[in-house]
Number of protein chains: 2
Amino acid sequence: MFEGPIQDLIGELSRLPGIGPKSAQRIAFYLLDADPAEVKSLADAIVTAKRSVRFCQVCFNVTEDETCRICRDARRDRHQICVVEESKDVVAVERTREYRGLYHVLGGAISPIDNRGPGDLHIRELIQRLDDGTVTEIIVATNPNTEGEVTATYLARLLGPLGLTVSRLASGLPVGGDLEYADEITLGRAFAGRRSVGE
Amino acid sequence: MFEGPIQDLIGELSRLPGIGPKSAQRIAFYLLDADPAEVKSLADAIVTAKRSVRFCQVCFNVTEDETCRICRDARRDRHQICVVEESKDVVAVERTREYRGLYHVLGGAISPIDNRGPGDLHIRELIQRLDDGTVTEIIVATNPNTEGEVTATYLARLLGPLGLTVSRLASGLPVGGDLEYADEITLGRAFAGRRSVGE
């Protein structure tokens with residue numbers, strides 16, 4: 001309905017995840033009204049990120065260098081590796097400030113429906129990291145959905161025989177959540193994983 | 001929490017309207033995974049739109065040229081002007097396919113809270129367009145909120161003495177809506193504007 005470049009911009013914005021035609025239009029008009037410097041800095045940030053972001057050669061987290069900030073950090077505990085699906089999961093775990101070990105980003109989860117098997121994930125590279133015997137514990141923090149569970153089970157079977165401790169994040173009720181609104185599977189997990197209050 | 005350029009990109013995206021930190025992160029990672037050509041075409045669309053989009057010298061709708069597509073279209077009825085707040089409202093009205101006249105984009109509405117008075121809108125230019133006597137009807141299609149109503153009332157008082165027909169879009173229940181969920185003001189307007197069924 002718009003002419004040339006505005007329609008092009010709305011079209012491009014609509015292709016982004018979570019952006020429908022209405023949001024795209026709103027963002028497009030916001031950009032037309034915005035300060036040219038702000039618009040340029042957005043366009044530059046897109047191009048720069050795409051050009052300069054690489055994947056850590058050790059753990060496949062996003063980085064600008066050969067290896068990521070966490071792998072380079074000498075204060076991190078090198079006996080633990082937390083295995084996650086995506087780089088954004090690293091950020092989520094880091095925010096908890098509960099974990100001081102290393103990470104390994106698989107690049108997704110096993111999903112037959114998307115035609116993605118173990119060979120498509122960075123599992124071979126994870127096994128190689130275990131070669132020197134420094135790592136003693138693997139914490140599998142894949143998502144608590146079908147694909148994540150399948151991947152966790154696969155890794156547990158693969159890594160168990162190597163004499164490592166392999167654990168999985170606890171499933172249960174979200175803190176601050178309401179029991180009444182919990183789905184039956186989450187509530188079932190919360191029961192199965194119940195802990196003594198004195199523990 | 002991320003390093004350099006990714007964090008910059010997330011930061012830039014978060015400044016867009018309706019994009020929170022979570023959406024910004026999701027879009028940033030989508031762009032990192034996306035085809036470089038697609039990413040480039042998004043960045044180019046932003047820069048191009050910002051550079052080439054101007055405002056129609058007659059009606060202030062967005063355009064690439066001196067005047068917009070609608071003002072240039074000889075098939076449009078030059079006796080009617082539909083007054084709207086923003087260019088996106090032109091698109092909304094055009095989608096109805098009910099209106100074949102011209103438009104005038106005010107560039108907002110009168111809003112003392114935002115320190116925006118009649119002098120900050122393209123009202124002077126609207127009056128100039130009426131000089132040659134071609135226009136006989138003004139349809140005020142400002143938003144059905146306080147600012148839009150104030151602007152409509154102001155325009156009606158200003159234009160009424162010029163001997164023009166000045167009308168306002170009808171307020172009432174949205175088609176496909178549910179009476180039960182209508183707010184009391186909308187329902188009140190729907191009563192006040194009720195029409196005989198045989199009409």
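The values are calculated or read from the model by the stated rules, or taken from the named source; none is laboratory data. Just so you know, these numbers come straight off a predicted model, no measurement behind them. Virtual Cβ from ideal backbone geometry, glycine too; neighbours counted across all protein chains shown. The protein model used for the area step is the full one, side chains on, heavy atoms only, and it has no ligands, DNA or RNA in it. Shrake-Rupley method; radii C 1.70, N 1.55, O 1.52, S 1.80 Å.
If I build a Gaussian network model for chain A, linking alpha-carbon pairs within less than 10 angstrom, which residue out of A:Glu64, A:Glu38, A:Glu147 has the largest mean-square fluctuation? Comparing A:Glu64, A:Glu38, A:Glu147 in a Gaussian network model of chain A, the most mobile one is A:Glu38. Summary for A:Phe191: label point 7 Å along Cα→Cβ; distances to the equivalent points in the other copies, ascending, 5.2 nm. Here r is the Cβ-Cβ distance between B:Thr67 and B:Glu125 and R0 is 22 Å; the resulting FRET efficiency, rounded to 0.05, is 0.95.
Here's how it looks for B:Glu64: its modeled amide H is under 5 Å from those of B:Arg54, which are all 5 or more places away or on a different chain.
Roughly what % antiparallel, to the nearest 5, for the DSSP beta bridges in the protein assembly as shown? Walk me through the numbers on the way to the answer.
Working: 6 of 32 bridges.
Here the antiparallel bridges make up roughly 20 percent for the protein assembly as shown.
One chain, two ends: B:Gln57 and B:Lys22. Fully extended at 0.36 nm per residue, the span grows by 8.6 nm beyond their Cα-Cα distance.
Closest approach to the axis carrying A onto B, counted by Cβ on chain A and given in whole Å with its residue, is A:Ala43, 2. In nanometers and ordered shortest first, the copy-to-copy spacing of the A:Ser52 label point, defined 7 Å from Cα toward Cβ, is 3.0. Take the alpha carbon gyration tensor of region A:4-52, find the square roots of its eigenvalues, order them as a ≥ b ≥ c, and report rounded if a/c is under 1.5; if not, report prolate when a/b exceeds b/c, else oblate. In terms of gyration-tensor shape, oblate. Computed from protein heavy atoms with a 1.4 Å probe, the total accessible area buried between A and B is close to 4800 Å². Put simply, the amide H of A:Ile139, placed in the peptide plane, has neighbours under 5 Å in A:Ile81, A:Cys82, A:Val83, A:Ser167, leaving out anything fewer than 5 places away on its chain. Label sites at A:Arg95 and A:Asp178, each approximated as a point 7 angstrom past Cα along Cα to Cβ, lie 2.2 nm apart. Average accessible surface for region A:83-199: 63 Å² per residue, computed with a 1.4 Å probe over protein heavy atoms with every protein chain in place.
What does the charge dipole of region A:4-52 about its Cα centre add up to, to the nearest 20 debye, if the Cβ of each Lys and Arg holds +1 and the Cβ of each Asp and Glu holds -1? Numbers along the way, then the final one.
Values: 6 positive and 6 negative charges, 49 e Å.
The calculated dipole for region A:4-52 is roughly 240 debye.
Using the 1.4 Å probe convention, the accessible area of region A:4-52 works out to 46 Å² per residue with neighbouring protein chains retained. Here chain B is treated as a Stokes sphere of Kirkwood radius computed over C-alpha pairs; at 20 °C and 1.002 mPa s its diffusion coefficient rounds to 106 µm²/s. Straight-line cross-link reach from A:Lys50 at under 24 Å between alpha-carbon atoms covers these lysines, not counting any fewer than eight positions away in the same chain: A:Lys40, A:Lys88, B:Lys22, B:Lys40, B:Lys50. For chain B, adding -39500 (n - 2.57) for each run of n ≥ 4 DSSP H residues and dividing by the number of residues yields -13000 deg cm²/dmol at 222 nm.
Can you tell me what share of the DSSP beta bridges in chain A is antiparallel? A percent to the nearest 5 is fine.
On the way: 3 of 16 bridges.
The answer is about 20 percent antiparallel.
Computed from the Cβ-Cβ distance with R0 of 56 Å, the FRET efficiency linking A:Thr153 to B:Phe191 stands at 0.35. Result for chain B in a Gaussian network model with C-alpha springs under 10 Å: among B:Leu158, B:Leu42, B:Leu121, the largest mean-square fluctuation is at B:Leu42.
Each other copy holds its own label point for B:Thr67; taking that point as 7 Å from Cα along Cα to Cβ, the gaps run 6.8 nm, nearest first.
Apply the a/c threshold of 1.5 to the C-alpha gyration tensor of region B:147-199 and tell me whether it is rounded, prolate or oblate. Verdict is oblate for region B:147-199.
Relative to the longest principal axis of chain A, what angle (0 to 90°, nearest 10) does the C-alpha long axis of helix A:36-52 take? For helix A:36-52, the angle is close to 40 degrees.
Just going by the charge dipole of region B:4-52, with Lys and Arg at +1 and Asp and Glu at -1 on Cβ, which of B:Gly20, B:Gln7, B:Leu31 is farthest out on the positive end? Ranked along the dipole, the leading option is B:Gly20.
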